[in-house]
1. Give me Rg/Rg_expected for the stretch 194-335, where Rg uses Cα atoms only and Rg_expected = 2.2 N^0.38 Å with N residues.
2. For K41 and S371, what does the FRET efficiency come to when R0 = 30 Å and r is the distance between their Cβ atoms, rounded to the nearest 0.05?
3. Just the Cα atoms of the stretch 296-340, one point each, no solvent: what log10 I(q)/I(0) does Debye give at q = 0.25 Å⁻¹?
4. Under the rule of at least 5 residues apart or a separate chain, name every residue whose amide H is placed under 5 Å from the amide H of I77.
5. Obtain the radius of gyration and the Kirkwood radius of the stretch 283-400 from its C-alpha atoms and give Rg over Rh.
6. Quick one: if you stick a label point 7 Å off each Cα along the C-beta vector at A272 and S26, how many nm between them?
7. Please report, as a whole percent, how much of the solvent-accessible surface of the stretch 53-118 comes from carbon and sulfur atoms (probe radius 1.4 Å).
8. Compute the accessible area per residue over the stretch 196-347, keeping the other protein chains in place, probe 1.4 Å, unit Å².
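The values are calculated or read from the model by the stated rules, or taken from the named source; none is laboratory data. All of these numbers come straight from a predicted model, not from anything done at the bench. Please note: Cβ atoms are built from the backbone with ideal geometry, for glycine as well, and neighbour counts cover all protein chains shown. Heads up: the accessible areas ignore ligands, DNA and RNA and are worked out on the full protein's heavy atoms, side chains in. Shrake-Rupley method; radii C 1.70, N 1.55, O 1.52, S 1.80 Å.
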Amino acid sequence: MAAARGCPPPAGSGDRGLAELLLEFSRAQYRAKDGGGAAAKVERIERRCLELFGRDYRYSVIPNAHGEVCAHYPRHIVLLERDAAAARDPFESPVQVGKLQDLINRSKMARCRGRFVCPVILYKGKHICRSATLAGWGELYGRTGYNYIFSGGSDDAWADAEDISEEDSALRNADSQLFDKVRGHDIKLLRYLSVRYICDLMVENKKVKFGLNVTSSEKVDKAQRYADFTLLSIPYPGCEFFKEYKDRDYTAEGLIFNWKQDYVDAPLSIPASLTQSLNIDWSEYQSWDLVQQTQNYLKLLISIINSDDDSGLLVHCISGWDRTPLFISLLRLSLWADGLIHVSLEPSEILYLTVAYDWFLFGHMLVDRLSKGEEIFFFCFNFLKHITSEEFSAVKSQRRKSLSPGFTLEEICMLKQRDRGSTTSLSSDFSLGMESSPGAAGSFTYEAVELMPAGAQAQAAWRKSCASSPQAVLWSRAQQSEDRLPSAGMVEVKSSSSSSSTHSDNFLRIGSSPLEVPRSRLVSASDRESRLEEVRSSFLASYSRTIGLKAVPPSPSGAIGGLLEQFVRGVGLRGSSTL
């Protein structure tokens with residue numbers, strides 16, 4: 001149960017490390033119980049993930065060395081607990097790893113393939129979780145060949161049992177008791193993680209294979225066991241649809257899912273209270289192309305986790321290894337780009353972490369998907385170009401709340417010389433309130449500043465005095481040239497042994513700054529764009545050198561495909577142009 005200490009980066013970290021990861025990912029699907037030569041490679045990947053988590057968080061680990069908890073989950077399941085750099089974190093998670101593990105062991109059979117509700121992102125003390133959908137009757141009773149039917153014969157077999165129809169009235173009472181018990185444990189786990197919002201990406205109410213209901217979902221639970229949760233049905237195309245994406249030369253624009261197919265029976269359903277601030281016409285969702293649909297769903301998820309309550313979020317599809325990592329990965333990268341989580345990680349490092357942990361170690365079947373041309377994994381990272389603008393930023397609405405009317409951020413930063421370095425002894429005309437940032441204590445973001453002006457005259461007088469201050473001018477110019485304070489010079493200390501990964505309280509002091517700011521990460525809209533573009537570019541470069549894209553039939557004009565053209569430019573064989 002003890003948390004693993006973050007280890008130094010293994011040889012081959014950075015671009016080479018990502019290339020090695022992608023090669024391993026494309027050769028075999030990860031299984032926690034696998035041994036042999038693959039185990040050593042997976043161990044290096046796992047060590048690297050723990051080291052990257054440990055840069056910014058204290059964490060504990062739930063051991064899953066032989067897949068005893070879940071065969072398709074990491075061998076070291078990370079529970080993020082708090083910010084590693086702060087002595088006290090107001091957003092520290094109250095979840096205790098021992099109790100969490102007990103609840104997991106009791107609840108795991110409630111969900112398809114035992115892929116239980118697992119916390120993977122910690123944001124403002126809220127756990128963002130992932131899982132599979134609810135298991136159906138057949139799986140709970142261990143029907144013979146369940147996994148064979150469900151995955152086309154490529155998965156482990158469950159215990160033998162007689163195949164009895166779900167409609168058999170003689171077993172309905174027993175079914176109800178079993179569901180009460182198993183789903184009751186699942187609900188206890190959700191409540192312990194303070195999850196309130198459940199976002200279901202399935203386009204079906206129940207997954208049907210060969211006429212059998214092989215999975216269920218919270219939205220169609222007959223006993224209404226999940227009625228106390230806020231359920232969102234946000235149907236999103238499965239991995240099969242991404243073959244069309246590949247066949248269209250990796251172009252998502254104009255690609256619209258066919259909602260009239262027989263198996264599609266889950267309509268979009270979102271409580272009105274969650275949509276009012278988004279300015280999206282949800283009634284038009286069936287006319288959206290893949291870009292619009294993904295953008296709007298991501299906006300919704302960001303809006304939910306950015307709400308004022310302390311509730312967590314669960315995202316799931318059917319098995320939880322295609323559509324689920326798509327949105328978990330986009331959420332992690334978007335919040336990182338805003339400087340709200342994983343604040344110490346560079347673009348290459350956050351890319352490695354999300355590919356390794358969110359996709360590879362949680363069992364995405366890349367080998368199978370590539371063989372079928374279902375390139376949802378590639379789509380995820382190429383899609384980053386569509387979420388670079390401020391409208392996808394989690395700090396956008398907070399920034400509006402925190403910056404008082406009449407002041408700009410630059411003016412707030414231009415404090416008088418006598419107040420430099422102080423957060424309490426400021427001008428009598430206004431006061432400055434400092435609070436912990438959403439991502440972690442020790443970060444300083446736009447929303448961390450709250451100004452209470454004494455009136456228009458006080459604001460005007462303050463602006464006039466600041467304009468004549470050499471120090472204020474110097475700080476103003478410095479802010480224009482850099483959107484966040486440099487990390488050079490920060491000292492990082494690790495203790496030799498602990499039950500959690502931790503770093504000491506070390507702050508970076510900038511002499512020209514009017515405030516003494518710990519680990520400042522002021523991310524502007526332009527900085528967000530550049531950070532996401534760097535992640536995307538790094539991914540494209542590594543992907544092209546390792547896995548590559550399958551060529552599509554040439555167009556009548558003989559022109560190379562749009563994304564293949566981009567790859568050619570990316571490796572320097574052709575000049576760049578606007579995409």
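1. Details: Rg = 15.2 Å, N = 142, 2.2 N^0.38 = 14.5 Å.
For the stretch 194-335, the normalised Cα radius of gyration is 1.05.
2. Working: r = 21 Å, r/R0 = 0.70.
Working from the Cβ atoms, E equals 0.90.
3. These q points yield log10 I(q)/I(0) values of -1.00.
4. I62, N64
5. Details: Rg = 14.7 Å, Rh = 15.3 Å.
So for the stretch 283-400, dividing Rg by the Kirkwood Rh gives 0.96.
6. So the label points at A272 and S26 sit 5.0 nm apart.
7. Details: 1090 of 2160 Å².
Here it works out to 51 percent.
8. On the way: 5420 Å² over 152 residues.
With the other protein chains kept in place, the stretch 196-347 gives 36 Å² per residue.
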